[in-house]
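Chemist: Quick one: this structure, given as structure tokens, is what I'll be asking you about.
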Amino acid sequence: GRAPRRGHLFHTAMKKAILAAALALPIADAFAPSPLSGAMPGLRAASTRGASTVSWNMMARRPFIAGNWKMNPETLDDAIILAKEIAKSSMTATAQVAICAPFPYLWSVGNEFKGSNVELGAQSIYFEDKGAYTGAVSACMVKSVGTTHVLCGHSERRTIFHNDDNSVNKKVLKVLRNGLTPMLCIGESQNEYEEGLVKAICATQMSKDLKEVTKAEMMEITIAYEPVWAIGTGLTCAPDEAQKVHEFIRSHIAKMYDQETADAVRILYGGSVTGETVDELMKRADIDGCLVGGASLQAASFGRIMNFNP
């Protein structure tokens, strides 16, 4: 077969090294911010010496596993039970972990995550702070109940609730201005995929959704690539195919900003990830983690994904 590229082997080795280093530390140290990471918690430096000369190419992007519960489970009691089980499984995970829960559950679920390695995320926000917007929830509201991450532009928000790129951009900016971390979701539909428009769609969404985002802010953003046609359809995006798209996404970030920024940003894959597929996905150089849907509602499955084998 075809020999792996040297860049792929390097990044795979870096992933293994950072996970091994985290395992060797006390759990509090393993998840503490790096002295070099500053406002970029996803980055860990290989060394603290010569900080001024360390480039992003010498740093490993910390793996990030995020679960999106969508409109599940049906009751608060069920949500608390699931949160307890996920919190317990997270204690052996070396990746950064977050759960994006429905609004009514955020406070209670967040309480279950205290003392664990799971961070709290919201599934969306509205881009105004307050006012006569019945049914809407603001960034400052979700922040006040302990949320640190917010999904922006998830495919279901785009298609079912008609969020266009202009509103997604406003959400990204509002999330950033509130000191939260946006997880920008991009990706093509099945028709766009069949027409060969994958790169064009991803590039267009990023260019529009990241308008007015500075370089420093971009380094705080997580990108989640969602091949919409592979979400809950039974169709799959092969790891090598996903890697090619992630590689393109990173190259487009470099074009929009610079290579340093592109090397810093984590890009997650979000297309029906399971415990059976996560290991192969995480071996790819530009796949820095996963945005998990259905499997995040099963504690055992999500526990397996959190504790993937690098």
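Chemist: Which numbered condition in (1) small (Gly, Ala, Ser); (2) under 24 Å from residue 79 (Cα atoms); (3) out of contact with any Cys (no Cβ under 6 Å at 6 or more places or on another chain) is the only one that residue 121 fails?
Modeler: Here residue 121 clears every test but (3).
Chemist: For the stretch 181-203, enumerate the residues that are polar (S, T, N, Q) and either open to solvent by 60 Å² or more (accessible area, probe 1.4 Å) or under 19 Å from the mean Cα position of the chain (by Cα) (or both).
Modeler: 181, 190, 191 - these are the residues of the stretch 181-203 that are polar (S, T, N, Q) and either open to solvent by 60 Å² or more (accessible area, probe 1.4 Å) or under 19 Å from the mean Cα position of the chain (by Cα) (or both).
Chemist: State all residues of the stretch 212-221 that are over 21 Å from residue 68 (Cα atoms) and surrounded by 15 or more Cβ atoms within 10 Å (Cβ to Cβ); if no residue qualifies, say none.
Modeler: 213, 217, 218, 219
Matching residues to (1) more than 17 Å from the chain's Cα centre (by Cα); (2) open to solvent by 60 Å² or more (accessible area, probe 1.4 Å); (3) aromatic (Phe, Trp, Tyr):
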position: 223; (1), (2), (3): no, no, no
position: 235; (1), (2), (3): yes, yes, no
position: 245; (1), (2), (3): no, no, no
position: 261; (1), (2), (3): no, no, no
position: 267; (1), (2), (3): no, no, no
position: 274; (1), (2), (3): no, no, no
position: 282; (1), (2), (3): no, no, no
position: 299; (1), (2), (3): yes, no, no
position: 310; (1), (2), (3): yes, no, no
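The values are calculated or read from the model by the stated rules, or taken from the named source; none is laboratory data. Source: prediction; values computed, not measured. Note: ideal-geometry Cβ built from the backbone for every residue, glycine included; neighbour counts use all protein chains shown. Remember, those area values only see protein heavy atoms, side chains included, never the ligands or the DNA or RNA. Shrake-Rupley method; radii C 1.70, N 1.55, O 1.52, S 1.80 Å.
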